[in-house]
1. With angles folded into 0 to 90 degrees, how steeply does helix 145-156 sit against the dominant principal axis of the chain? Use alpha carbons for both and round to 10.
2. Find, among the GluC sites (Glu not before Pro) in the stretch 53-128, those assigned to loop by DSSP (not H, G, I, E, B) with at most 12 other beta-carbon atoms within 10 angstrom.
3. Lys9: which aspartates and glutamates have alpha carbons under 13 Å from its alpha carbon, excluding same-chain residues fewer than 8 sequence positions away?
4. Mean residue ellipticity at 222 nm from the helices of the chain, using -39,500 (n - 2.57) per DSSP H segment of n ≥ 4 over the full residue count, to the nearest 500 deg cm²/dmol?
5. Counting other Cβ atoms within 10 Å, keep those with at most 16, restrict to DSSP loop, and tell me which GluC sites (Glu not before Pro) in the stretch 157-217 are left.
6. Order these by the 10 Å Cβ neighbour count, fewest first: Thr217, Thr243, Thr193.
7. With θ set to phi - 60° and the Karplus curve 6.51 cos²θ - 1.76 cosθ + 1.60, what are the ³J(HN,Hα) couplings of the stretch 218-225 in order, to the nearest whole Hz, using x for Gly and Pro?
8. What is the antiparallel percent of DSSP beta bridges lying wholly in the stretch 9-156, to the nearest 5?
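No lab work stands behind these numbers, since they all come straight from the coordinates. Being a predicted model, the structure only gives us computed values, none of them experimental. Virtual Cβ from ideal backbone geometry, glycine too; neighbours counted across all protein chains shown.
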Amino acid sequence: MSGIAAKPKLAVWKFASCDGCQLSLLDCEDELLAVAGAVQIASFPEASSASVEGPYDLSLVEGSVTTPHDARRIREIRRQSRRLVTIGACATAGGIQALRNFADVDAFVSTVYASPEYIDTLATSTPIAEHVPVDFELRGCPISKSQLIEVITAFVHGRRPDVPTYSVCEECKRAGNLCVMVAHGTPCLGPVTHAGCGALCPAYNRGCYGCFGPKETPNAPALSERLAGLGMSDPELVRLYRTFNAHAEAFREASEAREHGDSPTEKKSP
């Protein structure tokens with residue numbers, strides 16, 4: 001009908017990932033109805049086989065680039081998208097599969113596959129932003145449902161998403177949690193990790209695992225020194241940083257410093 005503005009087109013895309021961040025959108029339940037009312041879900045294979053051709057006003061991309069086909073495909077998606085937002089640790093930091101970046105992927109392929117010559121893969125798993133311009137990165141493994149709704153709402157209304165950039169430590173303070181590192185000497189990545197989980201692990205007296213990746217201004221070297229003071233060896237520190245966000249710059253550099261013996265303090269025994 002003439003005179004009625006068309007709804008913005010939303011597309012959701014998957015690359016190398018577990019689908020968990022896409023499922024976060026489907027898990028929004030009541031909020032999902034409001035999203036569906038505000039936008040036209042033009043392409044979302046996880047939810048429906050129906051698809052509308054681009055261009056798209058907003059594309060949400062989950063997953064990392066791990067194959068030559070991925071690299072070509074993300075460039076085409078970027079070309080069709082007015083705004084592109086990456087969601088989750090795989091799309092923003094390469095994901096758990098980025099552990100290949102510290103090893104020999106050819107050795108993995110020859111060990112796992114009977115006919116490795118048929119495998120077409122890259123030596124690295126990299127975030128979307130290393131291949132195309134990205135308008136916003138939403139961190140998490142998986143992402144926060146409330147933050148996802150905020151991001152979609154913000155882009156539909158043409159404003160910057162109101163997503164916190166502070167650390168998990170601030171979430172702990174707001175929740176009244178006892179600091180597990182100070183009180184119990186428990187290793188915790190909370191001081192350098194992006195907020196968004198509600199300080200879930202520290203609330204149960206466990207150290208933060210860094211699921212939401214580095215915060216905006218992390219000081220990972222200082223935290224490494226503190227953790228070493230608690231008795232963590234260099235190999236343990238390497239493993240602590242190399243999980244869901246191993247390729248994120250701050251975590252990658254902190255792990256490599258300990259792996260290569262570049263830390264300012266004497267190396268600990270394993």
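1. Tilt of helix 145-156: around 50 degrees.
2. Glu53
3. Glu53, Asp57
4. -10000 deg cm²/dmol
5. Answer in residue order: Glu216.
6. Ordered from fewest to most neighbouring Cβ atoms within 10 Å, Thr217, Thr243, Thr193 come out as Thr217, Thr243, Thr193.
7. Each residue's phi maps through the Karplus curve to give x, 10, 5, x, 5, 5, 4, 5 Hz.
8. Bridges in the stretch 9-156 that DSSP calls antiparallel: roughly 20 percent.
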